[in-house]
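Reading through the structure tokens given below for one structure.
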Amino acid sequence: MLKRYEVNYYLCSGCGSLETETPYWLDEAYNVSAIGDDLGAGQRTIDLMLRTSALLDRIALPAGAECIDFGGGIGLFTRLMRDRGFNFFCFDRYAKPFFSDRYSLTTMAARSPEVVTAFEVMEHFPDPAQDLQQLFEMRPAFIVATTELFTGQDASWPYLAEGTGQHVFFYSPKALAGIAGRFGYWLALVGGLIVFVGRAEIGRLGMTADSLRNTLQTLARDNMLMRHGLALFVRHQRAPYEFIQREVEAARLLSVDPASQER
């Protein structure tokens, strides 16, 4: 690990997940000031924007519903989603959200988002039971995640990412189902996205389980999610600054003096 530590990996006999020993090297692993070895970050962000915007559009997420990108890094995904009219905020313990500094959070306490995204985050959790609790305790209607699943790959698996030292837990499909059940959610795999759906929480959005299952099943077929995402992108390009202009106007109104705001 990090080209200097010998680290043990353990296979869970219960769920079939893989994890490292207690990761004592994390402070060193996160002592980076740039992208480093994550050379696909830009393309991955664009891909996730297309897929997530398609998902939220097709489930008819209400306008203005709060969304938090957990582990949002430099905030590019949050910015791209806000450009498309979704009310996203960025939260990250380690990175500065350069692209969404006006819409970044220093804590998630007392937040009640309808959507939480966690892209390439879960494999970083040194204590998944506790770390996942942070996501589910907000009781969002949807948690949308990505992580490569462990199904018995050997030591040559690139996702182990020993060079970065940041990937420490690798979930099996059985583990994902167990996580969903533990927190009262159900699990859907949709076009490369892992979607945890709150059984009770979707009701406050006026959604029913049956209609939602049908929508997600349709999106999971024949690359439908990405095709819809690309169609939305073309539509967006006809007026790419529509939502940006709204935010500029909102920022202008917030810049007036306090007395004016009180009036």
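When residues in the stretch 102-130 are screened for being part of a loop (DSSP other than H, G, I, E, B) and more than 21 Å from Ser17 (Cβ to Cβ), 9 of them pass.
Evaluating Asp222 against the criteria (1) over 25 Å from Val121 (Cα atoms); (2) among the acidic types (Asp, Glu); (3) touching a Lys or Arg at 6+ places or on another chain (Cβ under 9 Å) leaves one unmet condition, (3). Scanning the stretch 214-225 for residues that are crowded, with 16+ Cβ neighbours inside 10 Å, in contact with a Gly (Cβ under 9 Å, 6 or more places away or on another chain) and either assigned to a helix (DSSP H, G or I) or not small (Gly, Ala, Ser) (or both) yields Leu219, Met224, Leu225.
Inspect the stretch 152-162 for any residue being within 16 Å of Ser13 (Cα to Cα) and buried (at least 21 other Cβ atoms within 10 Å of the Cβ) and give the result as yes or no. Within the stretch 152-162, none of the residues are within 16 Å of Ser13 (Cα to Cα) and buried (at least 21 other Cβ atoms within 10 Å of the Cβ).
Identify all residues within the stretch 180-201 that are touching a helix residue (DSSP H, G or I) at 6+ places or on another chain (Cβ under 6 Å) and assigned to a loop (DSSP other than H, G, I, E, B); write none if there are none. Hits for the stretch 180-201 are Phe183, Gly191. Filtered by the rule that a residue be under 28 Å from Leu11 (Cβ atoms), touching a residue at least 60 places away in the same chain (Cβ under 8 Å) and over 16 Å from the mean Cα position of the chain (by Cα), the stretch 174-219 gives Lys174, Ala175, Gly178. Taken as a whole, the structure places Thr45 among residues that are touching a helix residue (DSSP H, G or I) at 6+ places or on another chain (Cβ under 8 Å), without any contact (Cβ under 8 Å) to a residue 60 or more places away in the chain and among the hydroxyl-bearing types (Ser, Thr, Tyr). Of all residues in the stretch 96-113, those that are more than 13 Å from Ile74 (Cβ to Cβ) have Cβ atoms under 6 Å from Cβ atoms of residues that are β-branched (Val, Ile, Thr) and not in a helix (DSSP H, G or I), 6 or more apart or on another chain, in Pro113/Ile68. In a residue-by-residue description of the stretch 45-58, the property of being surrounded by 17 or more Cβ atoms within 10 Å (Cβ to Cβ), of a type in the set (Val, Ile, Thr), under 30 Å from His236 (Cβ atoms) and within 24 Å of the chain's Cα centre (by Cα) applies to at least one position. Every test in (1) more than 29 Å from Val7 (Cα to Cα); (2) hydroxyl-bearing (Ser, Thr, Tyr); (3) surrounded by fewer than 14 Cβ atoms within 10 Å (Cβ to Cβ) is passed by Tyr185 save one, and that test is (3). Across the stretch 90-105, the number of residues qualifying as under 17 Å from Asp131 (Cα atoms) and over 15 Å from the mean Cα position of the chain (by Cα) comes to 1.
Coordinate-derived values only; no laboratory data. Worth saying up front: this structure is predicted, and the values here are computed from it rather than measured. Note that each Cβ is placed from the backbone with ideal geometry, even for glycine, and that neighbours are counted across all protein chains shown.
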